Amino acid sequence: MSRLFQFVRQWKPIIKEGFSQSFLIAKFLCLLHVTNTHVCTPVLVYGPSMLPTLNLTGDVVLVEHLSQKFGKVGPGDVVVVRSPENPRKTVTKRIVAVEGESVTFLVEPALSDRSHTVVVPRGHVWIQGDNIYSSRDSRQFGPVPYGLILGKAFWRVWPPDAFGSLSQE
Amino acid sequence: MSLQVFRHWIPTVKDAFDRTLMVAKFFCGLHVTNTFLCTCALAMGPSMLPTLNLTGSLVLVERLSIRFGKMASGEVVLIRSPEEPRKVVIKRIVGVEGDAVGNEEATAVVPKGHIWIEGDNKHNSRDSRQFGPVPYGLLEGRVFWVMWPPEDFGSVGRKVENNSLERSLVVKKHKRQKFQG
């Protein structure tokens, strides 16, 4: 019994130190999470739908969340959006029109010249990839509610030869 | 002489800084709990009568179910409005993806990744019958408990529609048609 007591007394400062270090790491991760969710976060973007603006094999872009919260996201911005087809997936596209505007788009640009005009309803935005031949966007799944926009991509960090701002088209 | 005054205030400034940091850490922890675990919401309006009050009910909302699995039909949820992105509304899920919703006049199939929401008070509710199916990504949380008013204190359960037998027949018929067509 006294041996158990001695054992605990020996380990107590180490356990205390372990706790305080874990708390420090937890506080850092908390701050990192708050920054990532509400201020700015890096995102890896890959796929052909935003060529030539973004690479096929993967770009790291910085996404800021403040514009979306203050309603300052508008046509021409590259945005990261939660996919309306698969809620666990996020897609990166460009906003072409906002609520109230009418959009004229090519339904199947590779096959025909047929175009279609749609008025974007209230509270929604129309997103399209820059590479309209290989992009699944509002032309397929319709206008997207503004609440699904996660943030605006404003700066490219990787690859290094393309480092710089994602200017509006 | 001014340097002495400055040195006199240093411990007070340090103390104030430490206390502010402690308050900031508390709010940080509270925010993380609110965003990922459980939060309160004040529900107002007639669209969820009789489940929730007209003049205001304080409800508890949990955020784990929407992340770790699909929401089932019949749950009361907190959802961001597809018409006004700054507004959050409380409605009940009537159909999930693949379900057929509607009555004798009009039937719709809920597309993949979307849900069909309706208020309990069918006569005074603006919901999917007006703005269509809503993407699953707009879900904010599941309402599971009413805290206030005291006479409504208690859990908020799932409620499957009264015509559940008819709905299941319609769903079966649609599934058969999908495979045959």
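Every residue, every condition in (1) assigned to a helix (DSSP H, G or I); (2) within 14 Å of chain A (Cβ to nearest Cβ); (3) in contact with a strand residue (DSSP E or B) (Cβ under 6 Å, 6 or more places away or on another chain), yes or no:
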| residue | (1), (2), (3) |
| --- | --- |
| B:I117 | no, yes, yes |
| B:H123 | no, no, no |
| B:R126 | no, yes, no |
| B:G137 | yes, yes, yes |
| B:E140 | no, yes, yes |
Inset, instruction - May I ask you to verify whether A:P145 is at pLDDT below 90, surrounded by 20 or more Cβ atoms within 10 Å (Cβ to Cβ), more than 20 Å from A:L54 (Cβ to Cβ) and not small (G, A, S)? - result: no
Inset, instruction - Give me the pairs, please: first residue somewhere in the range A:87-115 and within 14 Å of chain B (Cβ to nearest Cβ), second residue anywhere and of a type in the set (S, T, N, Q) and outside any strand (DSSP E or B), beta-carbon distance under 9 Å, and either six or more positions apart or on two chains. - result: A:K89/A:S83; A:T90/A:S83; A:V91/A:S49; A:V91/A:S83
Inset, instruction - Starting from residues that are within 14 Å of chain B (Cβ to nearest Cβ) and touching a helix residue (DSSP H, G or I) at 6+ places or on another chain (Cβ under 9 Å), keep the ones in the range A:14-56 and report whichever is surrounded by the fewest Cβ atoms within 10 Å (Cβ to Cβ). - result: A:V39
Inset, instruction - Among the numbered conditions (1) closer than 30 Å to B:M22 by Cβ; (2) in contact with an Asp or Glu (Cβ under 8 Å, 6 or more places away or on another chain); (3) within 14 Å of another protein chain (Cβ to nearest Cβ), tell me where A:K69 comes up short. - result: (2)
Inset, instruction - Tell me, please, whether a residue that is touching a residue at least 60 places away in the same chain (Cβ under 8 Å), in contact with a His (Cβ under 7 Å, 6 or more places away or on another chain), crowded, with 17+ Cβ neighbours inside 10 Å and farther than 26 Å from B:E151 by Cβ can be found in the range B:42-64. - result: no
Legend entry - For B:A72: the one exception among (1) hydrophobic (A, V, I, L, M, F, W, C); (2) under 29 Å from B:M147 (Cβ atoms); (3) buried (at least 20 other Cβ atoms within 10 Å of the Cβ): (3)
Inset, instruction - Examine the range B:39-47 for a residue that is within 14 Å of chain A (Cβ to nearest Cβ), within 21 Å of B:E140 (Cα to Cα) and polar (S, T, N, Q), and state whether such a residue exists. - result: no
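The values are calculated or read from the model by the stated rules, or taken from the named source; none is laboratory data. Just so we're clear, the structure is a prediction, and the values are computed from it rather than from any experiment. Quick reminder, even Gly has a Cβ in these numbers, built from the backbone with ideal geometry, and neighbours come from all protein chains shown.
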